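Participant: Can you keep this structure in mind? I'll have questions shortly.
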Amino acid sequence: MSWPTLSAEEQEEMDQAVAMLREAADQGHMEAQAYVGTLYDFGRGVAKDDRLAFVYYQRAAEQGHVISLHNT
């Protein structure tokens with residue numbers, strides 16, 4: 001099930017949220033890595049990107065995140 005199209009204001013808020021999550025993920029926060037992987041895996045408020053999903057899932061999996069281990 002895909003997300004409905006976001007309004008311009010909602011998309012701006014989503015972009016800011018994704019930027020903050022990616023910052024936390026890039027600093028090594030395992031849960032943020034897994035969540036960013038999920039966003040890109042399913043295209044939730046961002047363009048679907050299998051490569052980025054894999055990168056973030058893999059980072060979380062390397063820290064022992066069980067669901068990310070399954071998703072890589």
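Participant: Pick from Ala19, Ala32, Ala53: which is most flexible by mean-square fluctuation in a GNM of the chain where alpha carbon atoms under 10 Å apart are linked?
Facilitator: Greatest mean-square fluctuation among the candidates belongs to Ala19.
Participant: With a sphere of radius 12 Å drawn around the Cβ of Asp15, what net charge do the other residues whose Cβ falls strictly inside it have (Lys, Arg +1; Asp, Glu -1)?
Facilitator: On the way: positive: Arg22; negative: Glu9, Glu10, Glu12, Glu13.
With Lys, Arg at +1 and Asp, Glu at -1, the neighbours total -3.
Participant: Using Cα atoms only, what is the angle between the long axis of helix 30-42 and the major principal axis of the chain, expressed in degrees (0 to 90) to the nearest 10?
Facilitator: 50 degrees
Participant: Relative to the longest principal axis of the chain, what angle (0 to 90°, nearest 10) does the C-alpha long axis of helix 50-62 take?
Facilitator: The answer is roughly 40 degrees.
Participant: Continuing with the same structure: Sort Arg51, Arg59 from largest to smallest accessible area, using a 1.4 Å probe on the heavy atoms of the protein chains. Walk me through the numbers before you get to the answer.
Facilitator: Working: Arg51 150, Arg59 90 Å².
The ordering from most to least exposed comes out as Arg51, Arg59.
Participant: Give me the accessible area of Ser7, 1.4 Å probe, in Å² rounded to the nearest 10.
Facilitator: Counting only protein heavy atoms, Ser7 exposes about 60 Å² to solvent.
Participant: Once you keep just the Cα pairs under 8 angstrom separated by 6 or more residues, what percentage relative contact order results for the chain? Walk me through the intermediate numbers first.
Facilitator: Values: 87 pairs, mean separation 17.5, N = 72.
In percent, rounded to a whole number, it is 24.
Participant: Angle check, please: helix 8-26 long axis (alpha carbons) against the longest principal axis of the chain (alpha carbons), in degrees 0 to 90, nearest 10.
Facilitator: That works out to roughly 20 degrees.
Participant: Continuing with this model, one more query. 222 nm [θ] for the chain, helices only, -39500 (n - 2.57) per DSSP H run of 4+, per residue, to 500? Mind showing how you got there, number by number?
Facilitator: Details: 4 runs with 51 residues, N = 72.
Result for the chain, helices only: -22500 deg cm²/dmol.
The values are calculated or read from the model by the stated rules, or taken from the named source; none is laboratory data. Remember, it's a predicted structure, so these values are computed and weren't measured experimentally. Methodologically, a virtual Cβ is constructed for each residue, glycine included, from the backbone with ideal geometry; neighbour enumeration extends over all protein chains shown. These accessible areas exclude ligands, DNA and RNA; they are computed on the full protein's heavy atoms, side chains included. Shrake-Rupley method; radii C 1.70, N 1.55, O 1.52, S 1.80 Å.
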